[in-house]
1. What's the number of the condition Leu108 fails, among (1) at pLDDT below 60; (2) loosely packed, with under 11 Cβ neighbours inside 10 Å?
2. Under 7 Å by Cβ, and 6 or more places apart or on different chains, what pairs join a residue from the range 62-81 that is closer than 17 Å to Glu37 by Cα with one that is among the polar types (S, T, N, Q) and modelled with pLDDT under 85?
3. The conditions are (1) modelled with pLDDT of 95 or more; (2) in a helix (DSSP H, G or I); (3) buried (at least 19 other Cβ atoms within 10 Å of the Cβ), and Leu47 fails exactly one of them. Which is it?
4. Within the set of pairs 6+ apart or on separate chains, which have a first residue in the range 43-59 that is more than 12 Å from Thr74 (Cβ to Cβ), a second that is of a type outside the set (Gly, Ala, Ser) and surrounded by fewer than 15 Cβ atoms within 10 Å (Cβ to Cβ), and C-beta atoms under 6 Å apart?
5. Scanning the range 1-23 for residues that are among the hydroxyl-bearing types (Ser, Thr, Tyr) and in a helix (DSSP H, G or I), which turns out surrounded by the fewest Cβ atoms within 10 Å (Cβ to Cβ)?
6. Just to be sure I understand the filter: pairs with C-beta atoms under 6 Å, separated by 6 or more residues or on different chains, first member in the range 8-34 and touching a residue at least 40 places away in the same chain (Cβ under 8 Å) and closer than 18 Å to Arg59 by Cα, second member polar (S, T, N, Q) and part of a helix (DSSP H, G or I). Which pairs pass?
7. Considering only residues that are of a type in the set (A, V, I, L, M, F, W, C), surrounded by 12 or more Cβ atoms within 10 Å (Cβ to Cβ) and assigned to a helix (DSSP H, G or I), which ones fall in the range 55-70?
8. From Leu26, Leu34, grab the single residue that is assigned to a helix (DSSP H, G or I), within 22 Å of Val79 (Cα to Cα) and not acidic (Asp, Glu).
Amino acid sequence: MSGIAFVDSSVLIYAHDRDAGSKRELAGTLCSRLWSEQTGVLSIQVLQEFFVTVTRKLRTPIARAQAREVVLPTRRGCVSPTTPRNILRAASWSEAAESISGMALIVLPQSSRARKLSTVRT
């Protein structure tokens, strides 16, 4: 993988889900590599989804304090916040692609930070 990679919430969640088996190992290895190479980026929405899911929705939830310890260092990989301007740009991007994409709003702020962006999902 080259360039910047957008990390979907499911990848971050699997990396910390004790019941995820091989997906946990794969996601954990991937996240470790992206963070160490400083090529992984994510959004505030991803961090919110991660926190709620790992503390409330998993079969074996993790403690809130532990979830905060995950969010703290990963916040450096966060991209620009959602603004009305970004929403309008995402809407235009979706229209140009002739589709409605929730990912447009998440990924669009990355475009100023990276020439080549790949989305990491499980």
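The values are calculated or read from the model by the stated rules, or taken from the named source; none is laboratory data. Note that the coordinates shown come from a computational prediction; the quantities given were computed from them, not determined experimentally. As a convention, Cβ positions derive from the backbone with ideal geometry for all residues, glycine included, and neighbour counts pool all protein chains shown.
1. (2)
2. As it stands, the answer is Cys78/Ser43; Val79/Ser43; Val79/Gln110, since those pairs meet every condition given.
3. Just one mismatch for Leu47, condition (1).
4. Thr55/Arg64; Arg59/Asp19
5. Filtering the range 1-23 for residues among the hydroxyl-bearing types (Ser, Thr, Tyr) gives 2, 9-10, 14, 22.
Among the residues that remain, those that are also in a helix (DSSP H, G or I) are: 9-10, 14, 22.
Numbers: Ser9: 21, Ser10: 18, Tyr14: 21, Ser22: 8.
Selected residue: Ser22.
6. Ile13/Thr53
7. First pass over the range 55-70, keeping only residues of a type in the set (A, V, I, L, M, F, W, C): 58, 62-63, 65, 67, 70.
If we keep only those that are surrounded by 12 or more Cβ atoms within 10 Å (Cβ to Cβ) too, we end up with 58, 62, 67, 70.
Across the range 55-70, the qualifying residues are Ala67, Val70.
8. Working: Leu26 fails: within 22 Å of Val79 (Cα to Cα).
Within the list Leu26, Leu34, the selection yields Leu34.
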